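Worksheet: the structure to be examined is printed underneath.
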Amino acid sequence: MSAQREMKEKNPWHTPVTIIITVIGVIAIVALVTVAVLQNRPLPQKYKYGIVLDAGSSHTALYIYEWPAEKDNNTGRVEQTHSCKVKGPGISSYASNPLKAGESLRECMQEAEQRVPGKRHHETPLYLGATAGMRLLNMENSVASDKVFQAVEEALKKFPFSYQGARILSGQEEGSFGWVTVNYLDDRLKQGLETTGALDLGGASTQISFVSDNYNGSESPRNSVTFRLYGNDYNLYTHSFLCYGKDQALRMTLAHQSQAGPGTVLDPCFHPGYTETKNYLVLYDSPCVSDRKPQGAPATFNHSGNGNFLECQKNIKSIFDFNSCKYSQCSFNGVFQPLLQGPFGAFSAYYFVMNFLNLTNTSIPLDTVKEKLKDYCATPWNQIRQQHPNIKLKYLAEYCFAGTYILTLLTEGYNFTSESYSDIKFIEKIKGSDAGWTLGYMLNLTNMIPAEAPDSPPLPHAGYVSIVSIIAVLIFILFIFSLRPLWPRCSKHPQIV
Ligand SMILES: Nc1ccn([C@@H]2O[C@H](COP(=O)(O)OP(=O)(O)OP(=O)(O)O)[C@@H](O)[C@H]2O)c(=O)n1
Ligand SMILES: [Ca+2]
């Protein structure tokens with residue numbers, strides 16, 4: 001018994017000095033780590049907001065973007081939190097009743113008022129950008145387009161946001177901001193990775209934008225846009241084809257066919273059994289076709305389908321000029337285009353159409369895609385209607401044309417081949433945000449992408465805390481060892497006295 005007590009008394013860790021040192025040391029480490037954690041804890045997130053209205057030719061959509069308030073220009077953090085599709089047609093369709101254009105936006109704007117926290121309203125920038133529909137209206141009747149903008153402006157100013165103006169985007173802006181959006185959302189800009197090209201198909205115009213190594217902008221300066229983003233220089237090729245959006249391309253194809261003579265148009269791009277009476281005035285009411293209006297045409301014509309993919313493709317090709325090119329290489333209509341390069345994201349109507357047709361998988365060989373489309377076009381209209389009772393008839397009737405147009409534009413127009421077709425991805429959203437020009441437009445106008453790479457802390461928060469803790473423990477152990485002379489002597493084999 002007494003020998004055991006002796007051993008206990010001689011245990012060096014049980015001397016008062018070491019116990020006090022240990023307690024003080026533990027308290028010091030806990031204090032140090034707590035201070036480090038508290039000091040560096042991310043502050044409770046506060047968000048800022050931005051609103052962009054995309055006034056397209058076929059419809060207007062409102063997008064709300066959100067980003068952490070303290071990280072305005074710190075990369076890849078802006079996200080779309082809400083979108084609202086305005087009921088009715090695009091604002092350019094209200095040329096004869098501009099007030100209605102303003103009114104049409106009210107519902108989505110009220111939704112935005114609900115979605116953005118009240119105390120942020122006054123500092124939330126609100127932009128409206130109009131694209132090809134307003135470009136065409138402006139060409140046709142600039143007084144009418146000014147009136148539409150006036151009405152839209154008055155309607156938007158009634159809301160508590162920071163209204164930043166409504167304007168028509170140039171084709172270059174539309175194309176290049178779409179490219180910025182896609183590459184920003186994919187985190188390609190910040191990391192200086194190979195970029196993704198952008199293909200946007202709207203109702204009235206279409207854009208192609210990509211970076212190509214063999215293009216420095218000198219051959220066709222009007223197709224060149226340069227950006228310096230996060231310390232990298234980009235020389236972007238971009239072109240917008242006015243009138244080559246899905247709806248205007250359909251008009252041009254129809255106009256081409258109706259030149260054969262008034263009466264009935266038997267259209268291979270529409271399903272067998274499809275038949276509608278259409279108005280010549282409506283068909284030719286666009287600067288894209290107005291010069292082709294036949295003389296002395298009757299008021300209406302009968303538009304019927306016979307569903308033939310190859311014939312449809314032939315008709316569609318007739319709206320492209322593949323012959324004139326004063327550059328080293330062209331896409332079509334004498335427009336310069338450098339060699340295609342890299343992956344491409346194809347969005348808007350590219351996605352709507354190919355998604356409907358179940359053809360978004362581009363690893364399917366192009367020939368198989370064409371076969372499937374051929375079968376789809378040949379399917380009787382009655383059967384199509386029965387299979388898709390919930391799809392808007394106007395869209396439904398046009399998917400055969402639209403699919404054929406998309407393949408023709410990509411392969412004959414932009415020169416994608418059976419091989420490079422698989423470089424295209426049909427996309428709707430990237431990480432929850434819609435692909436389109438709106439996000440890139442807002443990032444640009446709010447200076448949210450810095451020209452130079454931002455300074456970032458060398459370590460993430462968790463790494464920092466771990467390193468501080470490990471170092472603190474090491475210092476403590478060293479401290480204990482430095483006190484060795486104070487340790488009471490201990491012997492390995494305590495002797496029984
Ligand atoms: N589910 C849908 C939705 C739209 N569309 C078609 O897609 C085109 C509209 O594409 P969008 O990108 O919305 O065009 P806008 O932005 O309105 O037009 P633009 O960019 O030319 O101004 C229209 O032809 C419309 O018929 C479709 O086929 N299926
Ligand atoms: Ca568009």
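Which condition from (1) at negative phi; (2) more than 16 Å from ligand 1 (Cβ to nearest atom) is the one that TYR230 breaks?
Result: TYR230 fails condition (1) only.
In region 194-217, what residues are of a type outside the set (Val, Ile, Thr) and within 16 Å of ligand 2 (Cβ to nearest atom)? Break it down stepwise before answering.
Residues of region 194-217 that are of a type outside the set (Val, Ile, Thr), as a first pass: 194, 197-205, 207, 209-210, 212-217.
Passing the criteria: ALA198, LEU199, ASP200, LEU201, GLY202, GLY203, ALA204, SER205, GLN207, SER209.
Taking TYR351, is it touching a strand residue (DSSP E or B) at 6+ places or on another chain (Cβ under 9 Å) and assigned to a loop (DSSP other than H, G, I, E, B)?
no
Only one residue in GLY165, GLY133 is outside any strand (DSSP E or B) and under 22 Å from GLY202 (Cβ atoms). Which one? Break it down into steps so the answer makes sense when it comes.
Numbers: GLY165 fails: outside any strand (DSSP E or B).
After ruling out the rest, the residue left standing is GLY133.
Just the residues that are part of a loop (DSSP other than H, G, I, E, B) and in contact with a helix residue (DSSP H, G or I) (Cβ under 9 Å, 6 or more places away or on another chain), please, taken from region 383-408. Steps first, please.
Initial filter on region 383-408 (part of a loop (DSSP other than H, G, I, E, B)): 388-392.
Hits for region 383-408 are HIS388, ILE391.
Kindly indicate whether any position in region 321-339 is modelled with pLDDT of 95 or more and closer than 24 Å to SER58 by Cα.
Going through region 321-339, the residues modelled with pLDDT of 95 or more turn out to be 321-339.
Next, from what is left, pick out any that are closer than 24 Å to SER58 by Cα: none.
Checked against the condition, which is being modelled with pLDDT of 95 or more and closer than 24 Å to SER58 by Cα, region 321-339 yields no hits at all.
Can you find, within region 307-353, the residue that is farthest from PHE241 (Cα to Cα) among those that are among the small types (Gly, Ala, Ser) and free of Cβ contacts under 8 Å to residues at least 60 places away in the same chain?
Narrowing region 307-353 to residues among the small types (Gly, Ala, Ser): 307, 318, 324, 328, 331, 334, 342, 345-346, 348-349.
Still in the list and also free of Cβ contacts under 8 Å to residues at least 60 places away in the same chain: 324, 334.
On the way: SER324: 16, GLY334: 11 Å.
Filtering first and then ranking leaves SER324.
Report yes if some residue within region 144-155 is among the β-branched types (Val, Ile, Thr), surrounded by fewer than 23 Cβ atoms within 10 Å (Cβ to Cβ) and touching a strand residue (DSSP E or B) at 6+ places or on another chain (Cβ under 7 Å); otherwise report no.
The answer is no; no qualifying residue exists.
Which of the numbered conditions does GLU153 fail, given that it passes all the others? Conditions: (1) free of Cβ contacts under 8 Å to residues at least 12 places away in the same chain; (2) farther than 30 Å from GLN341 by Cβ; (3) touching a Phe, Trp or Tyr at 6+ places or on another chain (Cβ under 9 Å); (4) not small (Gly, Ala, Ser).
(1)
Given the conditions (1) assigned to a strand (DSSP E or B); (2) touching an Asp or Glu at 6+ places or on another chain (Cβ under 6 Å), and given that LEU199 satisfies all but one, which numbered condition is not satisfied?
Status for LEU199: all satisfied but (2).
Within region 152-209, which residues are of a type in the set (Lys, Arg) and farther than 18 Å from TYR63 by Cβ? Quick ask: steps written out before the conclusion?
We begin by selecting, within region 152-209, every residue of a type in the set (Lys, Arg); these are 157-158, 167, 188, 190.
Within region 152-209, LYS157, LYS158, ARG188, LYS190 qualify.
Return the residues of region 122-143 that are more than 16 Å from ligand 1 (Cβ to nearest atom), of a type outside the set (Gly, Ala, Ser) and either free of Cβ contacts under 8 Å to residues at least 24 places away in the same chain or buried (at least 17 other Cβ atoms within 10 Å of the Cβ) (or both); say none if nothing qualifies.
Just the residues of region 122-143 that are more than 16 Å from ligand 1 (Cβ to nearest atom), to begin with: 122-126, 141-143.
After this cut, where a residue has to be of a type outside the set (Gly, Ala, Ser) as well, the list is 122-126, 141, 143.
THR124, PRO125, LEU126, VAL143, listed by residue number.
Yes/no per residue for (1) at pLDDT below 90; (2) within 18 Å of ALA198 (Cβ to Cβ); (3) in the same structural domain as PHE347 (by TED's automatic domain parsing):
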{"position": "ALA435", "(1), (2), (3)": "no, yes, no"}
{"position": "LEU445", "(1), (2), (3)": "no, no, no"}
{"position": "VAL465", "(1), (2), (3)": "yes, no, no"}
{"position": "PHE479", "(1), (2), (3)": "yes, no, no"}
{"position": "SER482", "(1), (2), (3)": "yes, no, no"}
{"position": "HIS493", "(1), (2), (3)": "yes, no, no"}
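Could you check how many residues of region 322-337 are within 14 Å of ASN216 (Cα to Cα), within 30 Å of the chain's Cα centre (by Cα) and assigned to a loop (DSSP other than H, G, I, E, B)?
1
Filter region 258-288 down to the residues that are of a type in the set (Val, Ile, Thr) and touching a residue at least 12 places away in the same chain (Cβ under 8 Å), then identify the one that is surrounded by the most Cβ atoms within 10 Å (Cβ to Cβ).
Step one: list which residues in region 258-288 are of a type in the set (Val, Ile, Thr), which gives 264-265, 275, 277, 282.
Still in the running and touching a residue at least 12 places away in the same chain (Cβ under 8 Å): 264-265, 275, 277.
Working: THR264: 13, VAL265: 21, THR275: 14, THR277: 9.
Step by step, filter region 258-288, then rank; the result is VAL265.
Being aromatic (Phe, Trp, Tyr) and under 14 Å from the mean Cα position of the chain (by Cα) is the filter; apply it to region 162-215 and report the residue that is surrounded by the fewest Cβ atoms within 10 Å (Cβ to Cβ).
Narrowing region 162-215 to residues aromatic (Phe, Trp, Tyr): 163, 177, 179, 184, 210, 215.
Okay, now just the ones that are also under 14 Å from the mean Cα position of the chain (by Cα), so 177, 179, 184.
Numbers: PHE177: 29, TRP179: 29, TYR184: 24.
This residue is TYR184.
Condition first: in a helix (DSSP H, G or I) and in contact (Cβ under 8 Å) with a residue 60 or more places away in the chain. Now tell me which residues in region 354-368 satisfy that. First the steps, then the outcome.
So in region 354-368, the residues in a helix (DSSP H, G or I) come out as 354-356, 366-368.
Across region 354-368, the qualifying residues are MET354, ASN355.
Return the pairs, sorted by first residue and then second, in which the second residue is part of a strand (DSSP E or B) and basic (Lys, Arg), the first residue lies in region 189-214 and is not assigned by TED's automatic domain parsing to the domain that holds PRO343, the beta carbons are less than 9 Å apart, and the residues are 6+ apart or on different chains.
So the pair list comes out as THR196/LYS425.
Of all the strands (runs of 3 or more DSSP E) wholly in region 218-293, which have at least 2 residues that are within 16 Å of ligand 2 (Cβ to nearest atom) and within 30 Å of ASN444 (Cβ to Cβ)? Talk me through it step by step, then tell me what you get.
Values: elements: 224-229, 232-242, 264-267, 275-279.
Of the strands (runs of 3 or more DSSP E) lying wholly inside region 218-293, those with at least 2 residues that are within 16 Å of ligand 2 (Cβ to nearest atom) and within 30 Å of ASN444 (Cβ to Cβ) span 232-242.
Within region 63-98, take every residue that is within 14 Å of SER433 (Cβ to Cβ), of a type outside the set (Phe, Trp, Tyr) and at pLDDT 95 or above and give me the one that is surrounded by the most Cβ atoms within 10 Å (Cβ to Cβ). It would help to see each step written out before you state the result.
Narrowing region 63-98 to residues within 14 Å of SER433 (Cβ to Cβ): 63-67, 76-83.
Remaining after also requiring of a type outside the set (Phe, Trp, Tyr): 64, 66, 76-83.
Checking which are at pLDDT 95 or above leaves us with 64, 66, 78-83.
On the way: ILE64: 20, GLU66: 19, VAL78: 24, GLU79: 16, GLN80: 21, THR81: 16, HIS82: 17, SER83: 17.
That would be VAL78.
When you check THR411 against the structure, is it of a type in the set (Ser, Thr, Tyr), touching a residue at least 60 places away in the same chain (Cβ under 8 Å) and part of a helix (DSSP H, G or I), yes or no? Even if it seems obvious, please write down each step before you answer.
On the way: of a type in the set (Ser, Thr, Tyr): yes; touching a residue at least 60 places away in the same chain (Cβ under 8 Å): no; part of a helix (DSSP H, G or I): yes.
Criteria not met by THR411.
The values are calculated or read from the model by the stated rules, or taken from the named source; none is laboratory data. All figures in this text were calculated on a predicted structure; none of them were measured in a lab. So basically every Cβ, Gly included, is an ideal-geometry build from the backbone, and we count neighbours across all protein chains shown.
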